[in-house]
Amino acid sequence: MVLKGSVTLPGDKSLSHRAIMLASLSSDKSVIENLSSGQDVISTRDCLAKCGMDWNQDGERINIKGRQFISPEIPLDCGNSGTTVRLLSGLIAGQQIKATFTGDQSLSSRPMDRVVSPLQKMNAKISSTNGKLPVIIQVSDLHSIEYTMPVASAQVKSAILLAGIHAMGETIIHETVPTRDHTEILLSALGYPITTNGQRIVIKGSNTRHPGFHFHVPADPSSAAFFATGAAIIHDSEVIFKNMLINPTRFGFFRSLGMMGAQVDILDHWTELHESVAHIRIKSGQLHAVHIAKEDVPALIDELPLIAILATQAEGTTTVEGAGELRVKESDRLHAICINLERMGAQVTEHTDGFSISGPTSLKGIHIQTFHDHRIAMAFTIAGLIADGETTLDDSDCIAISFPEFHNVLNYLTLN
Ligand code: S3P
């Protein structure tokens, strides 16, 4: 079996969340195409609809018109989505409404004080429940802050920026390690007074509302990474991803894939609302180990399960460090990666903030414990392609959280 073909994948999840949120702030009509169809993005759409946002689906596009925000009558259920609750906390804190955020079991166990604490410093009346959900917001007037990020988190940074839009004065954020910068890019493309200088980001609060916009969401590189991994580990594979987001803060996985020995070519590139987009081609190659250091982690945070799978097929010992944040994702991903790979026969050692994996080793098919985590389910489906014997998942429904089309695309690429 090989992976072959050319695909245009659904829109990037991070950009899809942000596009809906920014569209909800404009009273003009915005049109978004190629929105992610994952359940997480539906959670964002439905939460904002409860706060008054108008939307309708028009074939492949979604039309959105913002209105004056209203306090939702029922709690905003963010499902499994950390991006929904954290970014909306910042956005809603500046809208003079009351709201309560809830979520599923996984989201309810994830840390919320990282976003509650800086928003409180901005004078938001916001509280968590022992650091977790439910998070409750009351009406308040925000003022600006200067804030140094204690954890590298684009979600926290974005929450502060979205609150900063309507806060009095200049909100200044210092990042110690750069994280995905989609919020900055989109706010600037829409005309907000935001500047980035190295790792210092400044947004001026104002009462202006931006005009409606049209955005074709580029394909999700985190979704492409699953098939790119398949293509890299299965000899003679060649896959082209069309219209894919190649923002450097998201391209870390593809940079590492190239360093490991797979062929990664950017065929053509352009921009879409200031975001870099390209057609890219991946071909299999002789893989060797890489070292992923703390400062490399944010640009491939969601792809680390795939780096682990690649590492099992690479010559030498791959090490990942400074990735403790993986323990507080949709599951404890360091544990989920290591326990499943070990049972598949890989040589793996789990560390507090990373792992080391020596290869190459052949993998055997097992029943995967997904911990109901979409990225673990998809990553191990790809590992299963090269395993001896059958690989099964204890939950494949969770894949719909980010990528309901995953199996269709995999079938298409393996049948070509
Ligand atoms: C995201 C940021 C990252 C990432 C998540 C999406 C975003 O989370 O893991 O899947 O859209 O801002 P953190 O900010 O918690 O690292």
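No value in this document is a laboratory result; all are computed from the given coordinates. Predicted model only: the values in this text are computed from it and were never measured. Backbone-built Cβ (ideal geometry, glycine too); neighbour counts: all protein chains shown.
Quick rundown of the values:
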| quantity | calculated |
| --- | --- |
| Radius ratio Rg over Rh of the stretch 326-385, counting only Cα atoms, Kirkwood formula for Rh | 0.94 |
| P(r) weight above 26 Å for the stretch 37-181, C-alpha pairs, percent | 21 percent |
| Residue-wise HN-Hα coupling along the stretch 189-202, computed from phi with Karplus coefficients 6.51, -1.76, 1.60 (Hz; x: Gly, Pro) | 4, 8, x, 6, x, 10, 9, 10, 10, x, 9, 10, 10, 10 |
| Overall form of the stretch 229-355 per C-alpha gyration tensor (a/c, 1.5; a/b vs b/c) | oblate |
| In Hz, Karplus ³J(HN,Hα) per residue of the stretch 242-258 (6.51, -1.76, 1.60; θ = phi - 60°; x = Gly, Pro) | 8, 6, 8, 4, 10, 3, x, 6, 10, 9, x, 4, 5, 4, 5, 4, x |
| Per-residue [θ]222 nm for the chain (sum of -39500 (n - 2.57) over DSSP H runs n ≥ 4, rounded to 500) | -9500 deg cm²/dmol |
| Cα long-axis angle, helix 221-233 against the chain (0 to 90 degrees, to the nearest 10) | 10 degrees |
| Kirkwood Rh and Cα Rg combined as Rg over Rh, evaluated for the chain | 0.96 |
| Largest-first principal axis extents, alpha carbons of the stretch 133-248, Å | 58, 34, 34 |
| Cα gyration tensor shape for the stretch 156-195, rounded if a/c is under 1.5, else prolate or oblate | oblate |
| Inter-part distance where the stretch 148-198 and the stretch 8-50 are each reduced to a Cα centre, Å | 19 Å |
| Unit charges at the beta carbon, dipole of the stretch 221-281: most positive-side option, Ile280, Phe241, Gly252 | Gly252 |
| Size-normalised alpha-carbon gyration radius of the stretch 277-416, reference 2.2 N^0.38 Å | 1.01 |
| Nearest-ten-degree value, helix 333-343 long axis tilted from longest Cα axis of the chain | 20 degrees |
| Compactness of the stretch 31-76, expressed as Rg and Dmax over alpha-carbon positions, Å | 11.1, 30 |
| Reachable aspartates and glutamates from Lys294, criterion Cα separation under 13 angstrom, eight or more residues apart if same chain | Glu321, Glu325, Asp353 |
| Long pairs among Lys98/Lys329; Lys29/Lys242; Lys329/Lys364; Lys50/Lys204; Lys4/Lys283; Lys29/Lys125, criterion Cα-Cα beyond 19 Å | Lys98/Lys329; Lys29/Lys242; Lys329/Lys364; Lys50/Lys204; Lys29/Lys125 |
| For the stretch 1-112: rounded, prolate or oblate by the Cα gyration tensor [a/c cutoff 1.5] | oblate |
| C-alpha center-to-center spacing [the stretch 400-416, the stretch 310-379] in angstrom | 22 Å |
| Under-5 Å amide H pairs with Ser36, H placed in peptide plane, nonlocal only | Gly11, Ser16 |
| Helix axis angle, 154-164 relative to the chain longest principal axis, alpha carbon, degrees | 10 degrees |
| By average C-beta atoms within 10 angstrom, highest first, the peptides 209-218, 129-138 | 209-218, 129-138 |
